[in-house]
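Data first, discussion second: the structure below is written as structure tokens.
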Amino acid sequence: MSYKLNLSDLSRDGDVSLTQQLVDRFAAAIESGELEPGEKLPTTRALAEEAGINHLTAARAYRRLAELGFVTASVGRGTFVRTVTPAAPIEEGDDWQTYVLPDRPLTYREQVIDDAFRYAREPEVLSLATGWPSPRMYPTEELAEITAAVFEEEGGEAISYLTAEGLFELREQLARWVSESGRPVDPDDIIVTSGARQAIDLAARTVLEPGDVAVVESPTFVGILSSARATGARVIGVPVDEHGMDVDALERVLARHEVKLCALQTDCQNPTGVDLSAERRDRLAELAIERNFFVLEDRVYSDLRFEGEGQPALRSRAPGHVIYVNSLSKTVGGGLRLGWIVARGPVRDRLAMLKLETDFHSTTLAQHIAARFLAAEGHKRQIARSIPFYRERRDAMMDALERHMAGEYRAAVPRGGHHVWVTLNRPLDERDLYREAARMGVSFTPGAAVTAERHSQTQFRLSFPLLDPDGLDEAVRRLARAIREVRRRHRQAATIPLS
């Protein structure tokens, strides 16, 4: 103890008591780091002998330090410096929270998601990072009329509690809709969720445990990656080509691992815009049945098809193995937070219980609104309005890429959805490009945020729904300029001689 604190010069005749002097010495040593968090302090008898004081004085000093939050005592174990710092004066702010919160730094993926939401609302930034539907397409007048009717006819029931599965009238309408894309669906197999994002999260948390293996498309929707990894499962990426997820590559993974969940978007995939071919759908369903793993089928973009014929949902081939997810977020409005799961068997019951434990149920008013909107065929009218609107922007994005980045990139024309997946012909530092693009007033989704593994290529997602054709052209022009600037800096750095 003596090498840590010098207690030989305690004043025994001054105005400050010996107890307070000890408290001050220990507090100063803890705050400076001289005494480290978790360090064991001497017993009160050892402290009394070291400082030449009464045993009761040492006990009073420790008790006061505990009251101030500097130490903690445990009978039979001793007194220890607390791992959490004591309360700071109000004027010093909330820095104390850093010591209490888990030591989990913000990941690159989380930072990218936060940037995407923030940049979308900053007028000086042209956002190519956000796949929200355009506010210009929201059916606000129709929804306002429906909302008024709901309150007039339902009264307080419009904002009352529901079961975890959700409003039955809405589930009836959703069952009718989902049945159009495959085999008939029972309303009791549907659970209404707060957007497809929650549906994906519930599915991952229901199926996966730490140490399990999950397979995802690579690239994929960032939410699928985040939810799968949050369970503690090992996440393996499978490539995507012009026919969707490479099922041959999936079979090679299955030969080496016991897979619990395979998550993918079968139609107008985010971010590539491709469809899973009929042959691969058949084989994936066969594999799920043979190997007994779940498939999470996310179809949020399936109705936003610009060309080509849509395929029946994968669920129609293996209804007991497929957890089907969809939402109104990409077609009607993300702020409704209205999604749903279709599942059957024990997994459906576990999903419903987890939904109940998570937030009881999704907002009642939005469910009443959506039920009436669907019953009145509002969604079909909305799709008919939306497709030419987003097709025009898809085409404007492809034209802008060729105008400003010809010879610099590769990108397939998406069959639907909100995104274009771009690969640069010559790689560069992705994070440097991300920062330089932001400096020039344009945002995008970097490839590392949506892939399960590292790539030597430079890839990124460009989303086109929020900007008009002129805005898309300017955004791509800024991005091309950022690419040239990053390449220029790298060339300069390569030519600087070593000293």
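Structure values in brief
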item	result
The range 153-197: number of residues that are free of Cβ contacts under 8 Å to residues at least 40 places away in the same chain, part of a loop (DSSP other than H, G, I, E, B) and under 13 Å from L374 (Cβ atoms)	1
Residues being β-branched (V, I, T) and within 17 Å of K355 (Cα to Cα) - total across the range 143-178	1
Conditions (1) crowded, with 21+ Cβ neighbours inside 10 Å; (2) over 15 Å from D212 (Cα atoms): number failed by A249	(1)
Unique match (being charged (D, E, K, R), closer than 26 Å to P133 by Cβ and in contact with a helix residue (DSSP H, G or I) (Cβ under 9 Å, 6 or more places away or on another chain)) among R461, R439, R454, R481	R461
Any pair with Cβ under 8 angstrom, 6 or more apart, that starts in the range 360-385 at a residue that is farther than 23 Å from R305 by Cβ and at pLDDT below 95 and ends at one that is open to solvent by 70 Å² or more (accessible area, probe 1.4 Å) and not in a helix (DSSP H, G or I)	none
Filtered residues of the range 113-134 (kept if touching a residue at least 12 places away in the same chain (Cβ under 8 Å) and more than 16 Å from the chain's Cα centre (by Cα))	Y119, A120, E124, V125, L126, S127, L128, P133, S134
In the range 281-313, the residues that are without any contact (Cβ under 8 Å) to a residue 40 or more places away in the chain and assigned to a loop (DSSP other than H, G, I, E, B)	N292, F293, E309
Criterion: under 19 Å from K355 (Cα atoms) and without any contact (Cβ under 8 Å) to a residue 60 or more places away in the chain - qualifying residue of L276, L250, L208	L208
Enumeration of residues in the range 180-219 that are more than 18 Å from the chain's Cα centre (by Cα) and crowded, with 23+ Cβ neighbours inside 10 Å	V185, I190, I191, V192
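The values are calculated or read from the model by the stated rules, or taken from the named source; none is laboratory data. In this text, all values refer to a predicted model and were calculated from it rather than measured experimentally. Cβ atoms come from the backbone with ideal geometry, glycine included; neighbour counts cover every protein chain shown. Each accessible area value is taken on the protein alone, full model and side chains, heavy atoms only, with ligands, DNA and RNA left out. Shrake-Rupley method; radii C 1.70, N 1.55, O 1.52, S 1.80 Å.
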